[in-house]
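Q: The structure under discussion is supplied below as structure tokens; questions concerning it will follow.
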Amino acid sequence: MDSEVRTVLSVEDIDHPRTKRPKREVRIQMESANASIGTLVDEFYRVAFRKKIYRTIDELQSDLDGWVWVKEYNETRPPRGRWCYGKTPMQTFLDALPAHSGDDDHAFRCIATT
């Protein structure tokens, strides 16, 4: 850190701790997530925004929901996540939903699976 920065921090009584570098496993997970987001941007958003002007978020969400890659990514691809334990991401999500009683449970699961 630059000496001028250290001086200002000490004068203003600001603590500037350094964070530890994440473990290798965490870095791999972060890189995987970033790659997935990059794929989504490259394969959907850049193409969609060239073809259509979206007036509402719902319109954009409708097109994204109809995109085949999202369904394949969440429901049929081989699991790579640490906490999926051999299940797809969607099945892991559904299994993690809190147990409700009555009609609320059915409505909640219907929303989650659409």
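The values are calculated or read from the model by the stated rules, or taken from the named source; none is laboratory data. Note that the coordinates shown come from a computational prediction; the quantities given were computed from them, not determined experimentally. In this analysis, Cβ positions are derived from the backbone assuming ideal geometry, glycine residues included, and neighbour counts consider all displayed protein chains.
Q: Is it the case, given these coordinates, that G86 is loosely packed, with under 12 Cβ neighbours inside 10 Å, small (G, A, S) and assigned to a loop (DSSP other than H, G, I, E, B)?
A: The answer is yes for G86.
Q: For the range 1-59, which residues satisfy the criterion of being under 28 Å from the mean Cα position of the chain (by Cα) and hydroxyl-bearing (S, T, Y)?
A: The answer is T19, S32, S36, T39, Y45, Y54, T56.
Q: Any idea which residue in the range 79-97 is modelled with the lowest pLDDT, counting only those that are touching an Asp or Glu at 6+ places or on another chain (Cβ under 9 Å) and of a type outside the set (K, R)?
A: Residue satisfying both the conditions and the ranking: P89.
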